[in-house]
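Enquirer: Here it is: the structure, laid out below.
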Amino acid sequence: MQEKHLFEYAVIRVMPRVEREEFLNVGIILYCAKQKFLKAIFTIDYSRLKAFSKGLDIEEIEENLVAFERISAGAKGSGTIGQYDMASRFRWLTATRSTVVQCSKVHPGFCVDAEETLINLQEQLVL
């Protein structure tokens with residue numbers, strides 16, 4: 001039997017009008033310390049997003065979502081936050097904020113394969 005590891009994840013959301021608290025799920029960020037795994041993925045349904053909020057700057061949303069991916073990966077050009085250790089990057093990205101792109105509360109679980117779990121969560125909660 002394969003060992004299961006604790007992971008934490010949050011749903012990445014687009015909330016065009018923060019005061020209305022209406023949002024669309026667009027991605028997942030998942031952190032698993034034992035597997036040394038931190039990754040954010042997203043999928044934008046452009047027609048759904050435009051129908052949800054006509055005045056939304058989709059280019060800006062994409063830039064913010066790409067920043068989530070880059071910081072999660074600790075990629076070059078991801079700024080000071082991208083240089084933090086994985087746990088700190090995850091905590092920073094999932095911190096409560098009042099912006100158009102934000103995360104749900106963090107949820108825990110157990111997984112065998114963090115990458116597979118990330119993809120499954122994306123399929124269940126976003127697509």
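Just so you know, all these numbers are worked out from the coordinates, no wet-lab data involved. From a predicted model like this one, the values you see are computed outputs, not experimental measurements. Note that each Cβ is placed from the backbone with ideal geometry, even for glycine, and that neighbours are counted across all protein chains shown.
Enquirer: Taking 20 °C and 1.002 mPa s as the conditions, I'd like the Stokes-Einstein D for the chain in µm²/s, using the Kirkwood hydrodynamic radius from alpha carbon pairs.
Expert: 143 µm²/s
Enquirer: Would you work out which of S88, G55, I119 lies farthest towards the positive end of the dipole of the chain? Charges go on Cβ: Lys and Arg +1, Asp and Glu -1.
Expert: S88
Enquirer: Which cross-chain or sequence-distant (5 or more) residues have an amide H under 5 Å from the amide H of F37, H modelled 1.01 Å from N in plane?
Expert: Residues meeting the amide H criterion: C32.
Enquirer: Run the simple label-point estimate for W92 and K4 please: 7 Å along Cα→C-beta, distance reported in nm.
Expert: Result: 3.2 nm between the two label points.
Enquirer: Rounded to whole Hz and in sequence order, give me ³J(HN,Hα) for the range 74-88 from the Karplus expression 6.51 cos²θ - 1.76 cosθ + 1.60, θ = phi - 60°, writing x for Gly and Pro.
Expert: x, 5, 4, x, 8, x, 4, 4, x, 8, 5, 5, 3, 4, 5
Enquirer: Now for a separate question. Using Cα-Cα distances under 8 Å and only pairs 6 or more residues apart, what relative contact order does the range 1-124 have, in percent?
Expert: Over the range 1-124, the number comes to 35 percent.
Enquirer: With a Förster radius of 25 Å, plug the Cβ-Cβ distance of E21 and H107 into 1/(1 + (r/R0)^6) and report the FRET value to the nearest 0.05.
Expert: With R0 = 25 Å, the Cβ-Cβ based efficiency is 0.85.
Enquirer: Run through the range 47-96 and list the trypsin sites (Lys or Arg not before Pro) located in a DSSP loop whose Cβ has at most 11 other Cβ atoms within 10 Å.
Expert: On the way: sites: R48, K50, K54, R70, K76, R89, R91; in loops: K54, K76.
Those that pass, being in a loop and sparsely packed, are K54, K76.
Enquirer: Quick one: 3J(HN,Hα) in Hz for the range 65-72, Karplus 6.51/-1.76/1.60 with θ = phi - 60°, rounded, Gly and Pro as x.
Expert: Those phi angles translate into 5, 5, 4, 4, 4, 5, 5, 4 Hz.
Enquirer: Exposed loop GluC sites (Glu not before Pro) only (DSSP loop, at most 12 other Cβ atoms within 10 Å): please give the longest stretch of the chain free of them, not including the sites.
Expert: That would be 22-127.
Enquirer: Here is a follow-up. Lysine pairs in the chain 8 or more apart or on different chains: how many have alpha carbons under 23 angstrom apart?
Expert: Final tally of qualifying lysine pairs is 9.
Enquirer: Taking the Cα centre of the range 66-127 as origin, work out the dipole magnitude from +1 charges on Lys and Arg Cβ and -1 charges on Asp and Glu Cβ, in debye rounded to 20.
Expert: Working: 6 positive and 6 negative charges, 88 e Å.
Roughly 420 debye, rounded to the nearest 20.
Enquirer: How high is the FRET efficiency from K36 to L56, r the C-beta distance, R0 25 Å, rounded to 0.05? Provide the component values of the computation, followed by the final result.
Expert: Details: r = 35 Å, r/R0 = 1.42.
Rounded to the nearest 0.05, the efficiency is 0.10.
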